[in-house]
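The values are calculated or read from the model by the stated rules, or taken from the named source; none is laboratory data. Predicted model only: the values in this text are computed from it and were never measured. Neighbour counts are summed over all protein chains in view; Cβ atoms, including those assigned to glycine, are modelled from backbone coordinates with ideal geometry. Areas reflect the complete protein model, heavy atoms only, side chains present, ligands, DNA and RNA absent. Shrake-Rupley method; radii C 1.70, N 1.55, O 1.52, S 1.80 Å.
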Amino acid sequence: MTVKTVVYQALETGPALTILGAVHGNERCGPEAIKRLIAALDGGEAVLRRGTLQMMPVVNPKAYAQNVRFVERNLNRQLYPKDEKRHYEDHLDPIVCGLLDRTDVLLDLHSFASPGGPFIFLSGKNPRELAYAKSLGVTDFVYGWAEAYGSGGDSKESQGTTEYARTRGAMAVTLECGQHLNADAAEIGYRAILMALRHLDMLDPQCSAAASLDQPAEAGQLRCVRMKSVYYRDEGAAFSRPWRHFDAVMKGETIASLAGGGTLAAPEDGFIVLPKEGAATGGEWFYFGTATSYPE
Ligand SMILES: [Zn+2]
């Protein structure tokens, strides 16, 4: 099984933008979004003005073929080339890392299991990276995930594509395009790629794809949630309603019923983040976060 990389190179020099799809094999929106972009470039609707556009539509081909998150190891953790290759995904590390070594900007397209729409994970305080993240047409952001839930001491354990790219000096964003089966997930990914190209001044403003793009969202439309706590599901506990990712809750509002007859209430005004209705007993159930202005 081989990994395909598609490269478009403009005659004018400029940044190298890398787009990744299906780092997790069951997240189908990325490959579809990249396929649409390739068709638009080949058909002339999208025109690359400068720089290099590198796309790996299916980063984990075996997981993609099996429609599973990964085969033997989560490719988006412990991402670095290894001398000893024990798992299938270990053979993919040097290919992905080699591409990221030649990258100035990364857009990694994912989707998730909870019901809900698109959002971006923010990390760190690089103002250039923040401006890039805000240019992608998405209005919801989750901040402080890596800080709160990354494995603090062992940075390589939680090192995925964005973390690796940042160690190489690149700006990097993970875009979650919505729930795995959302009908608009691929379209959101496709438009985000075009908006990334526009932000980097790599897209010819005269082409029809550029003309079809909205302006980026304004500050007042953006929602950013800072991660506060993780909840694990107790035996017999159940959500009080089928929560969607980014549902707002008020202080004291019932979130779930507990086996003993009690309830779980929101500790303050905030948001439900990535609820997993069917979480196993003891497993990660949902996260709680509060509204924040942009990363303080
Ligand atoms: Zn993913």
Within region 259-282, is even one residue assigned to a loop (DSSP other than H, G, I, E, B), of a type in the set (Phe, Trp, Tyr) and under 30 Å from residue 135 (Cβ atoms)?
-> no
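Looking at 28, 36, 50 in this structure, which one is of a type in the set (Lys, Arg) and under 20 Å from residue 16 (Cβ atoms)?
50
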Within region 68-115, the count of residues that are open to solvent by 50 Å² or more (accessible area, probe 1.4 Å), in contact (Cβ under 8 Å) with a residue 60 or more places away in the chain and away from the ligand (no atom under 12 Å from the Cβ) comes to 7
Of the listed residues (214, 201), the one being open to solvent by 60 Å² or more (accessible area, probe 1.4 Å), in the same structural domain as residue 119 (by TED's automatic domain parsing), modelled with pLDDT under 95 and within 30 Å of residue 48 (Cβ to Cβ) is 214
Just one of the numbered conditions (1) free of Cβ contacts under 8 Å to residues at least 40 places away in the same chain; (2) part of a strand (DSSP E or B) is not true of residue 176; which one?
-> (1)
When region 12-25 is checked residue by residue, the ones that are more than 16 Å from the ligand (Cβ to nearest atom), touching a Lys or Arg at 6+ places or on another chain (Cβ under 8 Å) and among the aliphatic types (A, V, I, L, M) are 16
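Would you mind stating whether residue 19 is open to solvent by 20 Å² or more (accessible area, probe 1.4 Å) and either aliphatic (A, V, I, L, M) or under 21 Å from residue 181 (Cα atoms) (or both)?
Judged against the criteria, residue 19 is not a match.
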Residue 288 being outside any loop (DSSP other than H, G, I, E, B), open to solvent by less than 20 Å² (accessible area, probe 1.4 Å), closer than 18 Å to residue 118 by Cα and among the aromatic types (Phe, Trp, Tyr) | yes
Failed condition for residue 28, given (1) touching a Lys or Arg at 6+ places or on another chain (Cβ under 9 Å); (2) within 16 Å of the ligand (Cβ to nearest atom), with all others met?
-> (1)
Scanning region 243-277 residue by residue, those open to solvent by 30 Å² or more (accessible area, probe 1.4 Å), at pLDDT below 95 and closer than 21 Å to residue 119 by Cβ turn out to be 276, 277
